[in-house]
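Notes follow the structure.
The values are calculated or read from the model by the stated rules, or taken from the named source; none is laboratory data. The model shown is predicted, which means the values in this text are computed figures rather than measured ones. Ideal geometry is used to build each Cβ from the backbone, glycine not excepted, and the neighbour counts take in all protein chains shown. SASA here: full protein model, heavy atoms, side chains in, ligands and nucleic acids out. Shrake-Rupley method; radii C 1.70, N 1.55, O 1.52, S 1.80 Å.
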Amino acid sequence: MKKLGLHYKKSAQAMVFSHHEMDAFEYLVRRHASLKFSFWLYQNDLHFINYTSLLPKNISKDIVYLSNSYSENQGSLLHARDFVANEDCLPVFYGQVPFPVQKKASKVQLLDEYGGIVHTQELEAEQSFSYRDRNLTEGMYTLVANGERKSFLFFHENLVPKPLAWIEINWSEKMLDNILGQINKNQKNEPYNFMVSFEERKTVWRYIIIPKYENPSNLEVRMIEGQDKVTFSKPVEGKFYNQQAYIFESNQLLSMKERPNCSFELVSGSKIIKKLLPAPSPELIKPSSDNLKFYSEIIVYI
């Protein structure tokens with residue numbers, strides 16, 4: 001990157017240009033039509049998988065693919081939708097690309113990220129085949145067979161620890177012209193701040209009330225404040241680790257946030273038992289049997 005006049009400035013957490021090397025950078029970009037920078041995105045929060053809306057099985061097995069191919073504008077998102085979606089989570093192949101086994105003789109094509117054909121293979125019915133090429137560039141590819149397309153990420157070696165995402169920034173002539181134009185006019189250079197946005201998970205809040213010091217009747221979870229009216233089910237008596245418990249569930253999905261949009265209290269008739277019930281922790285989330293709904297369990301002793 002230094003040959004291109006590019007340097008990583010840690011204090012700014014950004015890639016910066018050396019003005020005296022801009023001629024070399026411009027020459028190489030125009031000569032090669034475009035440059036591509038690839039980055040790994042890691043996350044060190046153990047509970048990230050709990051409070052984002054992506055399916056846990058996708059994050060644990062696949063890698064999120066992020067690219068500025070959706071927009072070349074400054075401040076654009078690196079994904080097609082408003083938030084990173086499950087469709088952005090791609091399976092990963094290491095060292096080789098297994099082609100899909102077909103029920104009848106078929107032609108299968110391996111395409112690069114631009115739609116160019118990398119390899120075409122005629123397969124007999126039920127034939128297994130894996131494509132190997134030491135010079136195959138790491139990144140996103142697509143297999144096409146009988147009109148069906150399946151995208152994936154390819155890397156030569158297994159990745160340990162597994163990253164959350166693979167980011168590709170394609171540096172086009174349009175982007176270069178924009179920066180050079182600002183420099184030639186002695187304008188302050190506006191940085192390209194590409195963004196990644198994850199949507200928070202929405203869960204059913206499940207309050208588990210354990211009467212340790214008192215056992216009032218007619219318990220109810222009541223909303224204190226919030227933009228939308230939220231109600232809870234009537235209490236269901238049960239056991240929690242052999243302790244008597246009253247279980248309340250929200251009648252709608254609520255967002256996982258550091259500062260929730262709503263707050264609740266526990267009452268018994270006109271008496272307030274617990275002035276402010278705690279918000280859920282990302283540590284205590286349980287999926288339904290079909291993994292389509294998630295529950296946030298909040299244990300409260302009274």
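Quick look at the values:
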{"item": "Residue order for 38, 67 - accessible surface, 1.4 angstrom probe, largest first", "result": "38, 67"}
{"item": "Selection of trypsin sites (Lys or Arg not before Pro), segment 182-230, meeting DSSP coil and at most 14 other Cβ within 10 Å", "result": "185, 188, 212, 229"}
{"item": "Low-density loop cleavage sites - GluC sites (Glu not before Pro) in segment 254-302, where at most 11 other Cβ are within 10 Å (DSSP)", "result": "258, 283"}
{"item": "Two-decimal ratio, segment 174-302, of alpha-carbon radius of gyration to 2.2 N^0.38 Å", "result": "1.65"}
{"item": "Spatially proximal lysines relative to residue 174 (Cα-Cα < 20 Å; intrachain offsets below 8 disregarded)", "result": "36, 185, 188"}
{"item": "Long-range amide H partners of residue 43 with built H, under 5 Å", "result": "164"}
{"item": "For the chain, with +1 on Lys and Arg beta carbons and -1 on Asp and Glu, the positive-most of 120, 166, 186 along the dipole", "result": "166"}
{"item": "Å² per residue, accessible surface of the chain at 1.4 Å", "result": "61 Å²"}
{"item": "Accessible-area composition of the chain, carbon plus sulfur, in percent [1.4 Å probe]", "result": "48 percent"}
{"item": "Over 24 Å between alpha carbons, listed pairs 212/274; 9/257; 150/293; 212/257", "result": "9/257; 150/293; 212/257"}
{"item": "Candidates 204, 108, 84, ranked by Gaussian network fluctuation over the chain, Cα under 10 Å, top entry", "result": "108"}
{"item": "Among [x] 49, 29, 15; [y] 29, 23, 21; [z] 37, 24, 19, the entry derived from the coordinates for semi-axes √(5λ) of the Cα gyration tensor in Å", "result": "[x]"}
{"item": "D_trans [Stokes-Einstein, Kirkwood Rh over alpha-carbon pairs] for segment 93-162, 20 °C, 1.002 mPa s, µm² s⁻¹", "result": "170 µm²/s"}
{"item": "Distant-in-sequence amide H partners of residue 139 (H built 1.01 Å from N, under 5 Å)", "result": "154"}
{"item": "Accessible surface, 1.4 Å probe, highest first, among residues 177, 112, 82, 88", "result": "82, 177, 112, 88"}
{"item": "Net charge of Cβ neighbours under 15 Å - reference residue 85; Lys, Arg +1; Asp, Glu -1", "result": "-2"}
{"item": "On Cα atoms only, tilt of 22-31 relative to the major axis of the chain in degrees", "result": "80 degrees"}
{"item": "Cα gyration tensor, segment 90-236 - rounded (a/c under 1.5), prolate or oblate", "result": "oblate"}
{"item": "5 angstrom amide H check on residue 240, placed H, neighbours 5+ away", "result": "245"}
{"item": "Solvent-accessible ranking of 92, 97, largest area first, probe 1.4 Å", "result": "92, 97"}
